[in-house]
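The values are calculated or read from the model by the stated rules, or taken from the named source; none is laboratory data. Given the structure is predicted, the values throughout are model-derived calculations rather than measurements. Cβ placement follows ideal geometry from the backbone for every residue including glycine, while neighbour counts extend to all protein chains displayed.
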């Protein structure tokens, strides 16, 4: 009994020192001064989401899985179709991109992912903020950009903003899960799986990031329809001008009746 | 103690330990106009805008600075790499050995040293040096070079570096950023920072 109390106090003391950054970090932010009311007459270009789905090898390496990726892409596409009418403003589906356009779109998506990762790592994460970003936070400044080359993306000339969505889901292999169990027994933390999701609204003239919802620990198994719907709800909650959160509440209360 | 409560205790300890190293990080402000020594070495720079020095290092005698995060703008100082040492820390001396700077390394071979280091360290097969020319760094004869590579996050990054060999040690400063927007946005600031570098 005395040992248990010692362990409890020890672990809680470390958690208190750590000030709970894992549990208490922000997930979304809006650029200062940006406001998008519903039915504003603004057009939002919905870019084809980037999906990276695969398995984490025992050694921790990402091994892409084409079947899972295709499933997830279809599921997320369906869930987005269903959510569109709740986004509050006119949605334009980006035309299919080929050749140089497709390459440019992929590169911008990769940049969006890198920017989102930097926001999580260096501005949202309380214990890891860069001094200059800490200063920005105090002044309520959220200043990130993809650059004005977004204006040349396919479909950009017919819209005001673009909605970027990026998902990376890595499921722990059997070997990795076993390693995790062994790690637990040995007192070494071994992670298994990774579920990263970013949704961002970008100004198509300047490239400025107007709104971002980014989380490195998303819910919903994107390989399943229900899981993908959950993921899309999570990605688009608090989307400027949207009624998604309200619609969910209405749907949930309706189902309960 | 019952098995479920033992499990809960183990989980609590793991959570506590997982939180600890993450909060131990402390990036430091490098203020505009204030001269500062790099990695406690005689190499000094005077930034002309505020930068952040990232906590930790990627090797002995290295230091990294950024404005928006290492993914978006990354300045790395190599403040006196000794002969026989790699540019960055080897993850595994056996499985992933890195090339070493040596007394026989010529200035013109430094771009290749960075290239072969990145091929292993960043697993980047696409690295290419785009220009190499003679120049000045730390008031001495130096090599200036530019390069491009695709990183593991599928982003193409551009790089620019200056290197000099002084008293048998390698001094280098490099800047890397995504070629979309971020490289052009910060390259002038990097050049000012490199120009400000001095070594007694």
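In the stretch B:23-67, the qualifying residues are those that are closer than 28 Å to residue A:120 by Cβ and out of contact with any strand residue (DSSP E or B) (no Cβ under 9 Å at 6 or more places or on another chain), and the one that is modelled with the lowest pLDDT is B:23.
From the list A:130, A:163, A:153, the one residue that fits, being touching a helix residue (DSSP H, G or I) at 6+ places or on another chain (Cβ under 8 Å), surrounded by 21 or more Cβ atoms within 10 Å (Cβ to Cβ) and within 29 Å of residue A:69 (Cα to Cα), is A:153.
Scanning the stretch A:190-217 for residues that are in contact with a helix residue (DSSP H, G or I) (Cβ under 7 Å, 6 or more places away or on another chain), surrounded by fewer than 21 Cβ atoms within 10 Å (Cβ to Cβ) and without any contact (Cβ under 8 Å) to a residue 60 or more places away in the chain turns up A:190, A:205.
Checked against the criterion of being touching a helix residue (DSSP H, G or I) at 6+ places or on another chain (Cβ under 9 Å), assigned to a strand (DSSP E or B) and either crowded, with 21+ Cβ neighbours inside 10 Å or at pLDDT below 95 (or both), the candidates B:161, B:79 yield just one match: B:161.
If the condition is being surrounded by 12 or more Cβ atoms within 10 Å (Cβ to Cβ) and under 25 Å from residue B:152 (Cα atoms), then the stretch A:62-97 contributes A:62, A:65, A:68, A:69, A:70, A:71, A:72, A:73, A:76, A:97.
Each row is one residue, and each column tells you yes or no for (1) more than 14 Å from chain B (Cβ to nearest Cβ); (2) touching a residue at least 40 places away in the same chain (Cβ under 8 Å); (3) over 22 Å from residue A:205 (Cβ atoms).
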{"position": "A:131", "(1), (2), (3)": "no, no, yes"}
{"position": "A:136", "(1), (2), (3)": "no, no, yes"}
{"position": "A:139", "(1), (2), (3)": "no, no, yes"}
{"position": "A:146", "(1), (2), (3)": "no, yes, no"}
{"position": "A:152", "(1), (2), (3)": "no, yes, no"}
{"position": "A:160", "(1), (2), (3)": "yes, yes, no"}
{"position": "A:163", "(1), (2), (3)": "yes, yes, no"}
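Residue B:105 passes every criterion in (1) under 22 Å from residue B:72 (Cβ atoms); (2) more than 14 Å from every other protein chain (Cβ to nearest Cβ); (3) touching a residue at least 40 places away in the same chain (Cβ under 8 Å); (4) in contact with a helix residue (DSSP H, G or I) (Cβ under 7 Å, 6 or more places away or on another chain) apart from (1). Every listed requirement among (1) under 23 Å from residue A:91 (Cβ atoms); (2) in contact with a helix residue (DSSP H, G or I) (Cβ under 8 Å, 6 or more places away or on another chain); (3) surrounded by 19 or more Cβ atoms within 10 Å (Cβ to Cβ) is met by residue A:172 save one, (1).
For the stretch A:98-116, check the following and say yes or no: at least one residue is more than 8 Å from every other protein chain (Cβ to nearest Cβ), in contact with a strand residue (DSSP E or B) (Cβ under 7 Å, 6 or more places away or on another chain), crowded, with 16+ Cβ neighbours inside 10 Å and under 21 Å from residue B:186 (Cβ atoms). Within the stretch A:98-116, one or more residues are more than 8 Å from every other protein chain (Cβ to nearest Cβ), in contact with a strand residue (DSSP E or B) (Cβ under 7 Å, 6 or more places away or on another chain), crowded, with 16+ Cβ neighbours inside 10 Å and under 21 Å from residue B:186 (Cβ atoms).
Tell me, please, whether a residue that is within 30 Å of residue A:108 (Cα to Cα) and touching a helix residue (DSSP H, G or I) at 6+ places or on another chain (Cβ under 9 Å) can be found in the stretch B:118-125. Taking every residue of the stretch B:118-125 in turn, at least one turns out to be within 30 Å of residue A:108 (Cα to Cα) and touching a helix residue (DSSP H, G or I) at 6+ places or on another chain (Cβ under 9 Å). Scanning the stretch B:164-179 for residues that are within 14 Å of chain A (Cβ to nearest Cβ) and farther than 15 Å from residue B:70 by Cα yields no hits at all. Only a single criterion out of (1) in contact (Cβ under 8 Å) with a residue 40 or more places away in the chain; (2) surrounded by fewer than 19 Cβ atoms within 10 Å (Cβ to Cβ) is not satisfied by residue B:144, namely (1).
Consider the stretch A:25-45. How many of its residues are assigned to a loop (DSSP other than H, G, I, E, B), farther than 23 Å from residue A:126 by Cβ and within 22 Å of the chain's Cα centre (by Cα)? Number of matching residues: 3. Of everything in the stretch B:67-85 that is under 27 Å from residue B:186 (Cβ atoms) and away from chain A (no Cβ under 14 Å), the residue that is nearest to the chain's Cα centre (by Cα) is B:76.
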